[in-house]
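A short write-up of the structure that comes next.
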Amino acid sequence: MEIRICKNSEALGISAAKHVAQVLRECIQNQGSARIVLSTGASQFDTLKALVKEPGIKWSCVEMFHLDEYVDLPETHGASFRKYLKERFVDLVGPLKAVHFVDGTREGIEKLTEEIRKSPVDIGLIGIGENGHIAFNDPPADFDVRDAYIIVNLDERCKRQQMGEGWFKTLEDVPRQAVSMTPWQIMQCRRIVSCVPYPVKAEAVKNTVLAKETTNLVPATLLKEHPDFILYLDEESAAGILAKE
């Protein structure tokens, strides 16, 4: 694990975007295409904003997957992650080689699985939730399942995060379930980058970084086992580990 601490979320986004862009350019040059997994949520705003402005990326050679989507939430809803990615990424970079959205249905899982397993994903942008989740794999996460995507139940803290970020007006409005990429499938990415700004993430960062063992009670600890994992923090999200040092 490599930790890179930036001044604030904007600086984090710019730094992370430059790294991701370089990976994409190298993959396209060396193998003719690149595959990327994108996560969503407020913590990814600045990274995606910077990434779409990065020069020299042949987006027509990039294939995009995304991590998760609420069950039975229409794309027209303000909290839809399909809507989020279309507005903040897909519609801004021009035609991609392919786009594979999670549609929030059990039926869509089979097609997603078929597509993501055609070849390795070159880089995954994997956020970390306030409860330490990766994708919507809330604690205790299932580290053993080998499916690519599964339907999961959202715990209360996860739902409170979604409401706190302004995606839903009340806790009752947050869907109970989501289709999520599994921890095992996430770990199949050749490279993993986690962009985790803001003070609300400081506890999750501390629990992840300082954990002595991998535990499904803090799902993000699994990422530390990956051979190419970079954790991008800002000074606020890093407060817990900086105090420890």
Q: Mind jotting down the distance between the C-alpha centroids of the range 188-223 and the range 83-114, whole Å?
A: 25
Q: Find how much the distance from Gln29 to Asp144 grows on full extension, using 0.36 nm per residue of separation minus their present alpha carbon separation; answer in nm with one decimal.
A: 37.9 nm
(Q) On a straight-distance basis, which lysines could pair with Lys58 in a cross-link, Cα separation under 29 angstrom, same-chain partners fewer than 8 positions away excluded? (A) Lys18, Lys49, Lys83, Lys86, Lys97, Lys111, Lys118
Q | Accessible-area order (highest first, 1.4 angstrom probe) of the listed residues Met163, Met1 | A | Met1, Met163
(Q) Limiting things to C-alpha atoms, what are the Rg and the maximum Cα-Cα separation (Dmax) for the chain, in angstroms? (A) 16.6, 48
Q.
Starting from 0.36 nm per residue, how many nanometres of slack lie between Thr113 and Lys18 once their C-alpha separation is accounted for?
A. 31.3 nm
Q) What does the accessible area of Arg146 come to, in Å² to the nearest 10, when a probe of 1.4 Å is used? A) 120
(Q) Can you tell me which lysines have their Cα less than 24 Å from the Cα of Lys212? Leave out same-chain residues fewer than eight positions away. (A) Lys201, Lys224, Lys244
Q) Could you state the number of Å between the C-alpha centres of the range 139-158 and the range 25-77? A) 22
Q. What does the accessible area of Thr113 come to, in Å² to the nearest 10, when a probe of 1.4 Å is used?
A. 30
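The values are calculated or read from the model by the stated rules, or taken from the named source; none is laboratory data. Bear in mind the structure is a predicted one, so any value in this text is a computation, not a measurement. Accessible surface areas use protein heavy atoms only, side chains included; no ligands, DNA or RNA. Shrake-Rupley method; radii C 1.70, N 1.55, O 1.52, S 1.80 Å.
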